[in-house]
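Below is one structure, written out as structure tokens, with a few remarks after it.
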């Protein structure tokens, strides 16, 4: 069992209802959503065959966490539903519904219109939540509840030509890397600088950096910079 499990929630009639864990009894959802006994809960598949939930069932919220209620007297037995269930992601108590369980950091930001100026973090039952890296894969089954935090300008250490250098922020440009490697930077037309990097974040773990370009950085990222005289 995880020491700090991820948070879970359901959407019932468009109302967010926190849940204690991923696997729950339908009765728990009913009670926490304050659904009267004359109604039944139905899992929303956007289908005429939406799945009727029974109070004594234990269900996996990763199979779908969007529900609505319907008067029990109007509900008739239904065929097996083969449509995908709706999935609700939550960010800062806002919600959006999709049928895609596998997202990328960029696609989830797009779904909620989250700017790059804030960190996106999966919400755990813990005071410590780690930012999701650019390009990181996000699986619904790992928890649908997220929070954001404004990015703080912080100092990190990168390695340039084998020497540790402290920099602020999360992005560095070609010119800034060259300036950290050589002082003074030569400006003659026959002097050429090349920059490559490794141990970068998931979005750009390694590669070459060219003039007028910038790259996202992380603690311990390594830059190799060479100065070539082509005269």
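The values are calculated or read from the model by the stated rules, or taken from the named source; none is laboratory data. The structure presented is a predicted model; accordingly, all values stated were derived computationally and were not measured. Quick reminder, even Gly has a Cβ in these numbers, built from the backbone with ideal geometry, and neighbours come from all protein chains shown.
Brief remarks on what is shown
- Test result for residue 67, in contact with a strand residue (DSSP E or B) (Cβ under 9 Å, 6 or more places away or on another chain) and under 30 Å from residue 218 (Cβ atoms): no
- Residue match in the range 140-147 (condition: assigned by TED's automatic domain parsing to the domain that holds residue 105, touching a helix residue (DSSP H, G or I) at 6+ places or on another chain (Cβ under 7 Å) and surrounded by 18 or more Cβ atoms within 10 Å (Cβ to Cβ)): yes
- Subset of the range 189-204 that is touching a residue at least 12 places away in the same chain (Cβ under 8 Å) and assigned to a loop (DSSP other than H, G, I, E, B) - its residue that is surrounded by the fewest Cβ atoms within 10 Å (Cβ to Cβ): 190
- The set of residues in the range 205-224 being part of a loop (DSSP other than H, G, I, E, B) and farther than 18 Å from residue 167 by Cα consists of 205, 206, 210, 211, 212.
- Residue within the range 40-48 that is in a helix (DSSP H, G or I), at pLDDT below 95 and farther than 23 Å from residue 143 by Cα present: no
- Residue count for the range 140-160, restricted to those that are touching a residue at least 24 places away in the same chain (Cβ under 8 Å) and assigned to a strand (DSSP E or B): 11
- The range 37-52, residues that are touching a helix residue (DSSP H, G or I) at 6+ places or on another chain (Cβ under 9 Å) and surrounded by fewer than 19 Cβ atoms within 10 Å (Cβ to Cβ): 37, 38, 39
- Among the residues of the range 148-181, the one identified as more than 14 Å from residue 218 (Cα to Cα) and in contact with a helix residue (DSSP H, G or I) (Cβ under 7 Å, 6 or more places away or on another chain) is 161.
- Output for the range 6-36, where each listed residue is part of a loop (DSSP other than H, G, I, E, B) and touching a strand residue (DSSP E or B) at 6+ places or on another chain (Cβ under 7 Å): 7, 13, 21, 22, 33, 35
- When the range 108-134 is filtered for residues that are within 21 Å of residue 170 (Cβ to Cβ) and surrounded by fewer than 13 Cβ atoms within 10 Å (Cβ to Cβ), the ones remaining, listed by number, are 110, 113, 115, 117, 128, 130.
- Test: residue in the range 37-56 that is in the same structural domain as residue 119 (by TED's automatic domain parsing), under 30 Å from residue 118 (Cα atoms) and in contact with a strand residue (DSSP E or B) (Cβ under 6 Å, 6 or more places away or on another chain): no
- Some residue of the range 53-61 being more than 22 Å from residue 18 (Cα to Cα), outside any helix (DSSP H, G or I) and more than 13 Å from the chain's Cα centre (by Cα): no
- Residue within the range 71-85 that is surrounded by 19 or more Cβ atoms within 10 Å (Cβ to Cβ) and in contact (Cβ under 8 Å) with a residue 24 or more places away in the chain present: yes
- Residue within the range 164-184 that is part of a strand (DSSP E or B), within 26 Å of the chain's Cα centre (by Cα) and buried (at least 17 other Cβ atoms within 10 Å of the Cβ) present: yes
- Residues within the range 117-139 that are out of contact with any helix residue (DSSP H, G or I) (no Cβ under 8 Å at 6 or more places or on another chain), outside any strand (DSSP E or B) and either modelled with pLDDT of 80 or more or not assigned by TED's automatic domain parsing to the domain that holds residue 107 (or both), tallied: 2
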